[in-house]
Protein chains: 2
Amino acid sequence: MRYKLTIAYDGAAYCGWQRQPDPVPTVQRTIELAAGAIVSHPVTVAGSSRTDTGVHARGQVAVMETTCDLEPQRLRMAINSRLPADISIRQLEPCSAEFDVSRATCKRYRYLIWNQRDRPVFQRHYVYHYWHPLQIEPMRQACRQFLGGHDFMAFSSRTEDRLSTVRHIYHCDIGQRGPIMIFSVEGSGFLYHMVRNMVGTVVEVGRGHWPSDCIPRILQSKDRSQAGPCAPAQGLCLQWIRF
Amino acid sequence: MRYKLTIAYDGAAYCGWQRQPDPVPTVQRTIELAAGAIVSHPVTVAGSSRTDTGVHARGQVAVMETTCDLEPQRLRMAINSRLPADISIRQLEPCSAEFDVSRATCKRYRYLIWNQRDRPVFQRHYVYHYWHPLQIEPMRQACRQFLGGHDFMAFSSRTEDRLSTVRHIYHCDIGQRGPIMIFSVEGSGFLYHMVRNMVGTVVEVGRGHWPSDCIPRILQSKDRSQAGPCAPAQGLCLQWIRF
């Protein structure tokens, strides 16, 4: 049987999603060990997004294959009972052999900025505390300039070995709820650190350091040093993935 | 100078509010050490509510006296800069010598119940995970029966040495937002574990174990064993205190 898993996790305690050669705690490894103990054979859980150290997810998607014939809902409950409190399999459903997690058509990320001098006592693990005042209107204008297809090389934190660094952004906006600014972006895919570098750049605009029309120039430069700093991991959450 | 402090804290890492003879981490001691380092003399921070181990607060109130003549807003910032990320002084304002934190007229507590089989990955430190289905309407009816003045002996977890165990409840209700049930209560004061024992009892009603009109009988019994179990500390938060 082949299953599609939808997974939520608090990334704080993990060195990212992906299993690593060293025995460091990763989300993938933790789920593989839990699932393996239930189905009584080694399991590979292949994820759609390789979230970084400290990044959270509400809707990571992965596939796994097993010879275990437990009913899906029971299998999900059984694996969850073996998982720590910061990881939960929200859905587990049969999928065809053709379903390929690497072929997502759209992913949504959210980034939270706590824009108040006072500390976020209760949300401190899920927001970036940026206490200098930010102007939201220029930030909104900057967000709009990411829409469409662009070469995002300038927003990637490493030399990409991928065939193309062009990505399509379908939605990009920023809103506010009390002291929290909510940045949201949907796109065909994202390069390494791309969302966090986009946020770091938009924050520079909101701070008044850069004009709100700086994005096209940065994109064209294809030069990482032209974009803003990489915003901290803890504010980022992978919301959902469509196929 | 005498100051009134309004304080928020995540109680997870502390053995409650109150300073103890043993050097265990408590919120009071942590603030006293931070404030003492700023004002350069030992400081006593007297709180209005002795919250238990693991209980949170958004509006604990305390007083402190100091010879330091820093402007209040600067003093607040300075003490906050010495505090860990899970404690924050939200307000600090001068108060008269007559202001007495032990003479609150009304306190509000909130208790969150995560009523879904799946785990609360992101709110796990702030909710009580109770996965059996709960009927909210009988719980609401039970809440209403706490209103008014009653002897709450049956809802106190220890033999009280206070003069009276009569307390007045001005508001008591339960609502729902997604998977979270929100119990809120306002009263003249609360006995040891009283809110958590009220919640534990209301949960028994919601589960269908006890009828929704059981509260008057339990109050009259003045017998702790007649009330429900004490709900876990982590779901509880002291919201505000009025004087």
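The values are calculated or read from the model by the stated rules, or taken from the named source; none is laboratory data. What you are looking at is a predicted structure, and each value in this text was computed from that prediction instead of being measured. Note: ideal-geometry Cβ built from the backbone for every residue, glycine included; neighbour counts use all protein chains shown.
Quick check on region B:135-180: of everything there that is touching a helix residue (DSSP H, G or I) at 6+ places or on another chain (Cβ under 8 Å) and among the aliphatic types (A, V, I, L, M), which residue is nearest to B:Ser212 (Cα to Cα)?
Here the residue is B:Ala142.
Of all residues in region B:53-74, which are outside any strand (DSSP E or B), away from chain A (no Cβ under 14 Å) and buried (at least 22 other Cβ atoms within 10 Å of the Cβ)?
Selection gives nothing.
Can B:Tyr192 be described as within 14 Å of chain A (Cβ to nearest Cβ), hydroxyl-bearing (Ser, Thr, Tyr), touching a residue at least 24 places away in the same chain (Cβ under 8 Å) and closer than 21 Å to B:Trp240 by Cβ? Show your work before the answer.
Numbers: within 14 Å of chain A (Cβ to nearest Cβ): no; hydroxyl-bearing (Ser, Thr, Tyr): yes; touching a residue at least 24 places away in the same chain (Cβ under 8 Å): yes; closer than 21 Å to B:Trp240 by Cβ: yes.
Here the answer is no, as B:Tyr192 does not meet what is asked.
Quick check, is A:Ser156 out of contact with any strand residue (DSSP E or B) (no Cβ under 9 Å at 6 or more places or on another chain) and either of a type in the set (Gly, Ala, Ser) or not assigned by TED's automatic domain parsing to the domain that holds A:Ser212 (or both)?
The answer is yes for A:Ser156.
Quickly run through region B:141-186 and pick out the residues that are in contact with a His (Cβ under 6 Å, 6 or more places away or on another chain) and not acidic (Asp, Glu). Steps first, please.
Initially, region B:141-186 is screened for residues in contact with a His (Cβ under 6 Å, 6 or more places away or on another chain), giving B:149, B:157, B:186.
Across region B:141-186, the qualifying residues are B:Gly149, B:Ser157.
Evaluate region A:125-141: report whether one residue or more is more than 14 Å from chain B (Cβ to nearest Cβ), hydroxyl-bearing (Ser, Thr, Tyr) and without any contact (Cβ under 8 Å) to a residue 24 or more places away in the chain.
There is no residue in region A:125-141 that is more than 14 Å from chain B (Cβ to nearest Cβ), hydroxyl-bearing (Ser, Thr, Tyr) and without any contact (Cβ under 8 Å) to a residue 24 or more places away in the chain.
Are any residues in region B:15-50 within 14 Å of the chain's Cα centre (by Cα) and either crowded, with 19+ Cβ neighbours inside 10 Å or basic (Lys, Arg) (or both), and if so, which ones?
Of everything in region B:15-50, those that are within 14 Å of the chain's Cα centre (by Cα) and either crowded, with 19+ Cβ neighbours inside 10 Å or basic (Lys, Arg) (or both) turn out to be B:Gly16, B:Trp17, B:Val27, B:Gly47, B:Ser48, B:Ser49, B:Arg50.
Just to be sure I understand, how many residues within region A:1-32 are aliphatic (A, V, I, L, M), over 17 Å from A:Cys237 (Cβ atoms) and at pLDDT below 95? Before you say what the answer is, go through the steps one by one.
Of region A:1-32, the ones aliphatic (A, V, I, L, M) are A:1, A:5, A:7-8, A:12-13, A:24, A:27, A:31.
From what's left, over 17 Å from A:Cys237 (Cβ atoms): A:1, A:5, A:24, A:31.
Narrowing the set further to residues that are at pLDDT below 95 leaves A:1, A:24.
Qualifying residue count for the region: 2.
Matching residues to (1) farther than 17 Å from A:Phe146 by Cα; (2) hydrophobic (A, V, I, L, M, F, W, C):
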site: A:His168; (1), (2): no, no
site: A:Cys172; (1), (2): no, yes
site: A:Phe183; (1), (2): no, yes
site: A:Gly189; (1), (2): no, no
site: A:Gln220; (1), (2): no, no
site: A:Gly228; (1), (2): no, no
site: A:Ile241; (1), (2): yes, yes
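Tell me the helices (runs of 4 or more DSSP H) entirely within region B:126-243 that contain at least 2 residues that are of a type in the set (D, E, K, R).
Here the list reads B:136-144, B:194-206.
Please give the number of the condition A:Leu5 fails out of (1) within 14 Å of chain B (Cβ to nearest Cβ); (2) out of contact with any strand residue (DSSP E or B) (no Cβ under 9 Å at 6 or more places or on another chain).
Evaluating A:Leu5 over (1) within 14 Å of chain B (Cβ to nearest Cβ); (2) out of contact with any strand residue (DSSP E or B) (no Cβ under 9 Å at 6 or more places or on another chain) leaves (2) as the failure.
Out of all the residues in region A:81-123, which are part of a strand (DSSP E or B), within 14 Å of another protein chain (Cβ to nearest Cβ) and in contact with a Leu (Cβ under 9 Å, 6 or more places away or on another chain)?
First, pick out the residues of region A:81-123 that are part of a strand (DSSP E or B): A:87-94, A:106-114.
Now restrict to residues that are within 14 Å of another protein chain (Cβ to nearest Cβ): A:87-92, A:110, A:112, A:114.
The answer is A:Ile89, A:Arg90, A:Gln91, A:Leu92, A:Arg110, A:Leu112.
Given the conditions (1) more than 14 Å from chain B (Cβ to nearest Cβ); (2) closer than 22 Å to A:Arg58 by Cβ; (3) modelled with pLDDT under 95, report the number of the one that A:Met181 does not fulfil.
Condition (3) is where A:Met181 drops out.
What residue, of B:Cys237, B:Cys230, is in contact with a strand residue (DSSP E or B) (Cβ under 7 Å, 6 or more places away or on another chain) and in contact (Cβ under 8 Å) with a residue 60 or more places away in the chain?
Result of the check over B:Cys237, B:Cys230: B:Cys237.
When you scan region A:33-52, do you find a residue that is without any contact (Cβ under 8 Å) to a residue 40 or more places away in the chain, in a loop (DSSP other than H, G, I, E, B) and either in the same structural domain as A:Phe190 (by TED's automatic domain parsing) or charged (D, E, K, R) (or both), even just one?
Yes, the conditions are met somewhere in region A:33-52.
Which of (1) out of contact with any strand residue (DSSP E or B) (no Cβ under 6 Å at 6 or more places or on another chain); (2) away from chain B (no Cβ under 14 Å) does A:Ala34 not meet, given it meets every other one?
(2)
Which condition breaks for B:Asp223 when tested against (1) of a type outside the set (Ser, Thr, Tyr); (2) closer than 13 Å to B:Ser157 by Cβ; (3) touching a Ser or Thr at 6+ places or on another chain (Cβ under 9 Å)?
Condition not satisfied by B:Asp223: (3).
Can you give me the number of residues within region A:13-26 that are in contact with a helix residue (DSSP H, G or I) (Cβ under 7 Å, 6 or more places away or on another chain) and either over 18 Å from A:His56 (Cα atoms) or within 14 Å of another protein chain (Cβ to nearest Cβ) (or both)?
1
For the subset of region A:81-111 comprising residues that are among the basic types (Lys, Arg) and surrounded by 12 or more Cβ atoms within 10 Å (Cβ to Cβ), which member is nearest to A:Ile7 (Cα to Cα)?
Filtering first and then ranking leaves A:Arg90.
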